[in-house]
Amino acid sequence: MKSMRSIPCLLWDWGRVNSALLMNAISLVSTTAVTSILGFAYWWVAARQYPPALVGLGSAEISMMMLLGTICMIGLGTVLISEMPHYRGKELVLINTVLLFVGGIGWIVGLIFAFVAPLLSPNFRSLQTSVEDVLLFACGVSLSALALIFDQALIGLLRSHLQLWRNGLFALIKLFLLFLCGLWLAKKTGVTIFETWIGGNLFSVFIIAGYVFFRFRGSNIAYRPQWGLLRTLRVHAIQHQALNLMLQAPALILPILVTVLLSTAANAWFYVAWMLAALGALPSTVLALVLFATSATKPESIAQKVRMTVGLALGVGMVIMIVLMLGSSYFLSVFGADYAREASLSLCILALGALPRVIKEHYVAICRVRGDIQRALFPMMIGCLLELGLAAVGAHSAGLSGLSLGWLCALCIEAAFGFRVVYKALYAPSNIVC
């Protein structure tokens, strides 16, 4: 009886020790749940109101916008997470400096890309339909970079509940705008889908940033940008940027690859399957990010936390993976019969990626915490090239299913490489060596 009575106490102590990790993980998981549910609704509405060719084109333009936005972050998002504890009292100064810098770069890069996009694929000629479309794409890239930086700044402040509200508003607003455009616009294009995404980012960032500003208004906390701070962060930013690009590029480039190698209609089918399969990978992505955020200043505590995050990611990811594989045809049929017929096998293959991604995500998080980013750069660069290269080879030989299988094989190779580091972290009594 004594041991039974001690169980609640042990659970309480465990929760208290890991409270920061748990609360921020819950917020990030909640963000994922909200954006996923509303994201499904968004693409369901798009699939019902637009033909597959326009859905594929719109998703390709969104993927390109997000890829360019990620590039324009220059690694400053993850730098904010690791450096925020060292700027007590200057958090808003640091955040505002980075936001203005990244937003300006995003606008310039978006403007340049809109002019050269047709050289990549004739499908992107829609970005040059008018001057307004060119400027709109530039604003989209800028807002995408700002939103990504803003979210990671809130995570660095351990205020993940605010990024939950930001992403919830973003998902609701873009869904509402898409629905209205479907009802009111007689002529619909892929750019229409793209425009609703921009509107969601604009209003959600404005609302939450306004709340943060008024929350601190009247206090003695400084908030005016100081450009000298960027010089002190440039080395860390370059390293983080290179690693972030290697990690995020495949997910953002694959829809573009499908559009270029196959067709816009094929990309519509693939994009929905990719979005569904991403659910299985979300636990590992979220938990690895929280592991990094909560251990950045206390690397000696990572061994205890990594056991919890790996266990949770594997357990939850496996359940989601099995559900997706068993119900692949049903889930895709919600978007239309063509989606179920063309992408069911692709979804099953993509869902299997949930397990190797647990190892890959935690390998990178451990290297970040230990400050050994350089060691992770080369393997992740090779992994990125493998994911895109094998996916392209698979697409040429077997369409969407071949592309998915090629990507999965590359992911398994990456997981095999990172397994040793994660295994040592799981069974290390204290410090780990990355």
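Each value in this text was obtained by applying a stated rule to the coordinates, not by laboratory testing. Only a predicted model underlies this, so the values are computations on that prediction, with no experimental measurement involved. Reconstructed Cβ throughout: ideal geometry from the backbone, glycine too, with neighbour counts over all protein chains shown.
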Please compute one quarter of the surface area of the Cα convex hull for the stretch 263-434 and express it in square nanometres. 9.7 nm²
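Set the Förster radius R0 to 25 Å, insert the Cβ-Cβ distance between residue 119 and residue 398 as r into 1/(1 + (r/R0)^6), and round the FRET efficiency to 0.05. Can you show the working numbers first?
Values: r = 28 Å, r/R0 = 1.13.
Efficiency at R0 = 25 Å is approximately 0.35.
Could you tell me the calculated FRET efficiency between residue 372 and residue 413, based on Cβ-Cβ distance and R0 = 22 angstrom, to the nearest 0.05?
0.60
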The local net charge around residue 96, scoring Lys/Arg +1 and Asp/Glu -1 for residues other than residue 96 whose Cβ lies under 13 Å from its Cβ, equals +1
Starting from 0.36 nm per residue, how many nanometres of slack lie between residue 232 and residue 108 once their C-alpha separation is accounted for? 42.3 nm
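If you add up the charges near residue 328, with Lys and Arg at +1 and Asp and Glu at -1, over every other residue whose beta carbon is less than 15 angstrom from its beta carbon, what do you get? Numbers along the way, then the final one.
Numbers: positive: 341; negative: 338, 342.
Combined, the nearby Lys, Arg, Asp and Glu give -1.
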